[in-house]
Amino acid sequence: MPPAVRPRLSARAKGTAALVVTVLIWAAFALSARALSSSSLLPADAALLRFGVPLLVLAPALWRRRRRIAAVRPATALKIACGAGVPFFLAAMYGGSLTSAAFVGSIVPGMVPLFVSALMAAAGKGLPRGTQAVGLALIAVGVVALVWRFVVPLNAQVLAGAGILLVASGLWALYTVGLKEMDLDPIGSIGLLCLPSFTVMALLVLTGVLPTGMASAAGSDIALFLVVQGLGVGLCAGLLYAYAIRSLGAERSSTMGSLSPVAVVLLAVPLLGESPTAAVLVGVPLITAGVALA
């Protein structure tokens, strides 16, 4: 009898599976952004782990790709380095410290489809239409629902945090578009992101511009952020998201990635003791519905 033929997954199915795992890792990122405010680590320490661990693990592979990485157009490289590098990381961490895990998990990935669509439209690739346009509008309404209760009465801290998270979301949209523009495999894209980011962060720490608490930090905090930020977000999510972008496209990947708010809200209850507010219970379903339509 001929050997059984194993069914092969299509590139689209593999890309979708990679994006599902990425969404779960993003949820862990949102939770860690909020947990950093009560950690013995400082933002600079978390950033060094985030960008340094992938460089260490992938060093031999990155060395073999050094010429292809160096050949990336400067404009595209800048989108990668700023969109998911030090500016994005510090904005997400600081915005999370002023708000909640639900805000990080909702605003940062939730607004990316809108920013990506805006970038695509600015590049002359057309405006979203039909159900996609309705879905993007619902995502925007959901984010407004999240922050509305902090407008009256005014809570300047939370609104400032939400504004910073919007900046982080816009930067991530640049990263998403940049990934689609370059001709690098996922490992090469991680090197293009982490090498300049780690270099900049190390210089900021060594020159005293940013404080560090690594020497006196608790071992459990270092281990947590090493696993979540370094191995999870920096290595696994970087590889999987870049693969998903190449398989599914920038707009579809960013829109499907907006499902992470649901995971964040569900996980924040047992892990961080956060109770979903009425605004969260309204805003997150609207964002999710927008994702489904988009």
Item to check | Over the chain: helical MRE at 222 nm, DSSP H runs n ≥ 4 each giving -39500 (n - 2.57), nearest 500 | outcome: -24000 deg cm²/dmol
Next on the checklist: Are there DSSP H segments in the chain that both extend 20 Å or more along their axis (alpha-carbon positions) and score a mean Kyte-Doolittle hydropathy of at least -0.5? List them, or say none.
Outcome noted: 11-35, 43-64, 130-148, 156-181, 186-206, 278-293
Next on the checklist: Under 10 Å, Cα contacts only: if you run a Gaussian network model on the chain, which one of VAL134, VAL167, VAL209 comes out with the highest mean-square fluctuation?
Outcome noted: VAL209
Next on the checklist: Looking at the chain as a GNM with Cα springs under 10 Å, which of ARG66, ARG252, ARG50 has the largest mean-square fluctuation?
Outcome noted: ARG66
Item to check | Residue-normalised accessible area of segment 98-181, given per residue in Å² at a 1.4 Å probe | outcome: 42
Checklist outcome for this item: Per-residue accessible area, 1.4 Å probe, largest first, puts LEU56, LEU114 in the order LEU56, LEU114
Checklist entry - Translational D (Stokes-Einstein, µm²/s) of segment 1-112 at 25 °C and 0.890 mPa s when Rh comes from the Kirkwood sum over C-alpha pairs? => result 145
Item to check | Highest-MSF residue in the chain out of LEU226, LEU184, LEU206 [GNM, Cα springs under 10 Å] | outcome: LEU206
Next on the checklist: Ignoring ligands, DNA and RNA, please state the percent of accessible area on segment 41-293 from carbon and sulfur, probe 1.4 Å.
Outcome noted: 73
Next on the checklist: What translational diffusion coefficient, to the nearest whole µm²/s, does segment 14-59 have by Stokes-Einstein, given a Kirkwood radius computed over alpha-carbon pairs, a temperature of 37 °C and 0.692 mPa s viscosity?
Outcome noted: 269
Next on the checklist: Percent of Cα-Cα pairs more than 22 Å apart in segment 139-271, please.
Outcome noted: 55
Checklist outcome for this item: Here the gain from full extension of TRP63 to ASP183, 0.36 nm per residue of separation minus their alpha-carbon distance, amounts to 41.5 nm
Checklist outcome for this item: Of the convex hull drawn through the C-alpha atoms of the chain, the volume per residue in Å³ is 173
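The values are calculated or read from the model by the stated rules, or taken from the named source; none is laboratory data. The shown structure was predicted, so the numbers you read here are calculated from the model rather than taken from an experiment. Each accessible area value is taken on the protein alone, full model and side chains, heavy atoms only, with ligands, DNA and RNA left out. Shrake-Rupley method; radii C 1.70, N 1.55, O 1.52, S 1.80 Å.
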